[in-house]
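Written out below as structure tokens is the structure these notes cover.
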Amino acid sequence: MMNYAPPQASPVKAGMAISAKELTKVFETRAGRNQALGPTDFEIGEGEFVSIIGASGCGKSTLMLITAGLIPASGGEVRVGGVKLDKPLTDVGIVFQDHLLLDFRTAMANVMLQQQIRRLDRAELSRRAEALFQKLGLTGAESRYPSQLSGGMRQRVSIARALVHEPSILMMDEPFGALDAITRTQIRHDLELLWMETRKTVLFITHSIEEAIGLSDRVLVMSRGPGKVIDEIKIDLQ
């Protein structure tokens, strides 16, 4: 396990609350209408870490994509920071099960892609990226290409890319699903430390009950499709 330096006193962007009411999603297919989600409601407080668990195909990923504004809802609404979401959310970092790194860019260049896309200050983003590489145990991997990194290191780079622009919200869709048990535990530990430092609002999708309990303030349980939030479990391990 890597050495972790205590967080420096610096202004941190507060996490934003998320709420959804009567949220539904219907996909039109050749076989007809397929209702994948809802209607369902849920809330995530500012700086809260909330996991969503449920059977495969119950709409967990669909719910996350709607909450990020990446696909439209068929009904209902999502509010982020009290404002109705009607376009893709920009103040967000997203990590998927597949790292989605660009093979032709080094690890650092993949992270710095955020600077190019968002047209942010390069020196500041570079400083943040270097700090994240250190905290995520990636020091020395900056110039390596994805093909030269292990699966765990590639996913760490993906997490750094999602956090380097300091979003208020972090969304993760089974980010550790393809990793071995030891690597999952190590990266989960690193993620927990980063969250404790920044207190971002986190929406975390997982099939692992152990992961959900170990990381979350609350766990939302979804029914089989069309998915609805049917239970809420508050976690208190103190």
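The values are calculated or read from the model by the stated rules, or taken from the named source; none is laboratory data. Because the structure is a prediction, the values reported are computed rather than measured. Because the Cβ atoms are built from the backbone with ideal geometry, glycine has one as well, and the counts that use them run over all protein chains shown. Areas reflect the complete protein model, heavy atoms only, side chains present, ligands, DNA and RNA absent. Shrake-Rupley method; radii C 1.70, N 1.55, O 1.52, S 1.80 Å.
The angle between the Cα long axis of helix 122-135 and the main principal axis of the chain comes to about 90°, on a 0 to 90 degree scale. With no solvent and one equal point scatterer per Cα, compute the Debye intensity ratio I(q)/I(0) for the chain at 0.13, 0.14, 0.16 Å⁻¹ and report its log10, rounded to two decimals. With one equal scatterer per Cα and no solvent, log10 I(q)/I(0) is -0.80, -0.92, -1.19. The calculated Kirkwood hydrodynamic radius for the stretch 96-136 is 10.9 Å, given to one decimal from all distinct C-alpha pairs. Solvent-accessible area per residue in the stretch 122-238 equals 46 Å², computed with a 1.4 angstrom probe and all protein chains kept.
Ligands, DNA and RNA are left out, and with a 1.4 angstrom probe the accessible area of the stretch 22-83 is 46 Å² per residue.
Between GLU46 and ILE230, residue separation times 0.36 nm minus the direct Cα-Cα distance comes to 64.1 nm.
Among beta bridges from DSSP that stay inside the chain, the antiparallel ones total about 50%. Between LEU120 and ARG105, the simple spin-label model (points 7 angstrom out along Cα→Cβ) gives 1.3 nm. With 10 Å bins beginning at zero, the pair-distance distribution over Cα atoms of the stretch 92-232 amounts to 11, 42, 32, 12, 2 %. Taking the protein heavy atoms of the stretch 126-238 in the context of the full set of protein chains, the accessible area attributed to carbon and sulfur is 48 percent at 1.4 Å.
Between the C-alpha center of the stretch 27-79 and that of the stretch 173-221 there is a gap of 19 Å. Label positions at HIS207 and ALA178, each projected 7 Å from the Cα along the C-beta direction, are separated by 1.4 nm. For chymotrypsin sites (Phe, Trp or Tyr not before Pro), the sites in the stretch 52-159 that DSSP calls loop and that have at most 12 other Cβ atoms within 10 Å are PHE104. Taking a sphere under 10 Å around the Cβ of ILE44 and counting the other residues whose Cβ falls inside, with K and R at +1 and D and E at -1, yields a net charge of -3. Relative to the 2.2 N^0.38 Å rule of thumb, the stretch 69-139 has a C-alpha radius of gyration ratio of 1.40.
Kindly flag which residue pairs out of LYS87/LYS135; LYS84/LYS135; LYS21/LYS60; LYS60/LYS135; LYS60/LYS234; LYS21/LYS234 have an alpha-carbon separation exceeding 25 Å in this structure. Going by Cα-Cα distance, LYS87/LYS135; LYS84/LYS135; LYS60/LYS135 fall outside the 25 Å limit. Other residues lying with their Cβ under 14 Å from the Cβ of ARG224 contribute a combined charge of +1, Lys and Arg counting +1, Asp and Glu -1. With a 1.4 Å probe rolled over the protein heavy atoms of all chains, the accessible area of ARG224, ARG119, ARG188 falls in the order ARG119, ARG224, ARG188, largest first. Expressed to the nearest 5 percent, the antiparallel share of DSSP beta bridges inside the stretch 98-238 is 50 percent.
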